[in-house]
Each structure stands twice: as structure tokens, then as C-alpha cells.
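Quick notes on the structure that follows.
Readers should treat all values here as calculations from the given coordinates under stated rules, not as data from a laboratory. What you are looking at is a predicted structure, and each value in this text was computed from that prediction instead of being measured. In this analysis, Cβ positions are derived from the backbone assuming ideal geometry, glycine residues included, and neighbour counts consider all displayed protein chains.
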């Protein structure tokens, strides 16, 4: 069985409702099914980052990109674009307030305190915000 056929089988398993797309919820459930942890906001961010046609869902090609990744330069450029969406204050970092605003745009309501906790998980230097390098760690 070639790699693409394996990917199709895995994709079909992840696509719980059979619509040919993987939603953030389906992605979250699948990661949990294989023993990983992915919050709903992390699943939303991952789908938003990988969603090539901007329909809020992962198509098969997006899924392959998720599994295989692109070359390192493409990944970094894509991450920089995603980072800019969260860096609404233009300070070069993701603050609890900017994370709260972005999550509310994605339909997830979090308090500033909840956003502080989310940031703290990946805040390597302890300054209370995420810089681009910390954001990269979070996304990979």
C-alpha cells in the first residue's frame, strides 16, 4: 500500500461525518484517539493555519500537508502569517487580550485569565506573552 492510500484511509477515519473534510472538532477527537492532547482552540488554530481554501475545514490536500509538512521555509512563512493574525496589537507578541479577541472571532469564548493560562503553557521566557519562537513551539 502506498503512502497516499494510507493517508486516504486515515483521512476517512478522521472524517467522522463523511463530508470529505476534517473539522476542528474531528481533528481534536482524532488526536485524542491516538493518545495526544489538543484543545479546541488549538484544533481551530491548526485548521486555520492549514486550511488552503479558507472554508474552515481541512480537505485531503490540507491533511497531507498536516501529516507531511511542507519544506521548512514554507512552514515558517505560513506560521508568520498565522502569528500576525493573533498579534493584533502590533507588538510582535501574542498577549492574553489579543488571544481572547482571536478566539472569540473563531467562536470560542475565553476569559483573559483563561488566555493567560493558555499562553503560560508555551511561554518559555516567562514574560506573559508569546513571541514568534514560542508560537512556533506551540504550533509544532
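Could you order peptides 58-66, 112-120 by the average number of other Cβ atoms within 10 Å of their residues, highest first? Walk me through the numbers before you get to the answer.
Working: 58-66: 18.1, 112-120: 15.7.
Answer by packing, highest mean first, reads 58-66, 112-120.
So if each residue of separation counts as 0.36 nm, and I subtract the Cα-Cα distance between residue 39 and residue 68, what length gain in nm does that give? Write out the running numbers ahead of the final one.
Values: separation 29, 0.36 × 29 = 10.44 nm, distance 2.16 nm.
Computed gain between residue 39 and residue 68 is 8.3 nm.
Could you work out the relative contact order of region 83-139, using alpha carbon pairs under 8 angstrom and six or more residues apart, expressed as a whole percent? Numbers along the way, then the final one.
Working: 61 pairs, mean separation 18.4, N = 57.
Relative contact order for region 83-139 comes out at 32 percent.
When the helices in the chain are scored as -39500 (n - 2.57) per DSSP H run of 4 or longer and the sum is shared across all residues, what 222 nm value do you end up with, to the nearest 500 deg cm²/dmol? Kindly include the intermediate steps, with their values, before the conclusion.
On the way: 8 runs with 84 residues, N = 140.
Using -39500 (n - 2.57) per qualifying helix, the result is -18000 deg cm²/dmol.
Classify the chain as rounded, prolate or oblate from the Cα gyration tensor: take a ≥ b ≥ c as the square roots of its eigenvalues, call it rounded if a/c is under 1.5, otherwise prolate when a/b beats b/c and oblate if not.
Working: a/c = 2.04, a/b = 1.69, b/c = 1.20.
Cα axes put the chain in the prolate bin.
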